[in-house]
Every structure is written in structure tokens, then in C-alpha cells.
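Notes for the one structure printed next.
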Amino acid sequence: MDLVTAFFVFMLAGFLGMDVIRRVSRLLHTPLMSLTNAISSIAVVGALIVAGEEHGLSTWLGAIAVFASTTNLVSGYLITDRMLRMFKRREDGRS
């Protein structure tokens, strides 16, 4: 796949993702965030494969992708955990 085709696919996926996210009900954002966490974990694996193939520019780009995907993954899990704690009942009887 050449660079222009890869950039076109990336751009198309970005527009498709923005359109899908915009139409989702606010009640479904937590399960959707869990799904994006799973996708981020796949991106981490792909970035690790790209970073380990050869030395040079692809290694640096793969390392940047690993950092960005890991940051997205960890922050997604932290936000999901915080949102799920909001729905739990407190032990002292107050809701």
C-alpha cells in the first residue's frame, strides 16, 4: 500500500469515526469507550510490530504510535473506571 492510499484510508476512517461517534446516544458512551479501549490495545500491538521491523524512521514512528496508543488506552480505562464508580452505591447509605 503506497503512502497516498494509506493516507486516504486514514482520512476516510477519521471521518467515518467522527460520524459514528456523533450519532451515538450519551447513554452508550461508556460501552463505546470500552470498545475504543480494545481498539487502542490492537493499535499498540500494531505499533509494536511496526517499531520492531527495521531501524530508522519506522522505528521512531512506531515508538511514537506506541506512546500515543498507550496513553489513549490508559486514559480510556481510567475514565471508564471513574464513570463506572459514579453509578455504584455508596456503603454509608447515601446514594
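Only DSSP H runs of four or more residues enter the estimate; each adds -39500 (n - 2.57), and after division by the residues of the chain the mean residue ellipticity at 222 nm equals -28500 deg cm²/dmol. Here the accessible area of the chain is 71 percent carbon and sulfur, with a 1.4 angstrom probe and all protein chains present. Exposure check, 1.4 Å probe, all protein chains in place: MET18 carries approximately 110 Å² of accessible surface.
Taking only the Cα atoms of the chain, the ratio Rg/Rh comes out at 1.12, with Rh defined as the Kirkwood radius.
3J(HN,Hα) couplings calculated from phi for region 33-45 with the Karplus curve 6.51 cos²θ - 1.76 cosθ + 1.60 (θ = phi - 60°) are, in sequence order, 5, 4, 5, 5, 5, 5, 5, 5, 5, 5, 5, 5, 5 Hz; Gly and Pro show x.
The values are calculated or read from the model by the stated rules, or taken from the named source; none is laboratory data. All figures in this text were calculated on a predicted structure; none of them were measured in a lab. Surface accessibility is based on the protein's heavy atoms, side chains included, excluding ligands, DNA and RNA. Shrake-Rupley method; radii C 1.70, N 1.55, O 1.52, S 1.80 Å.
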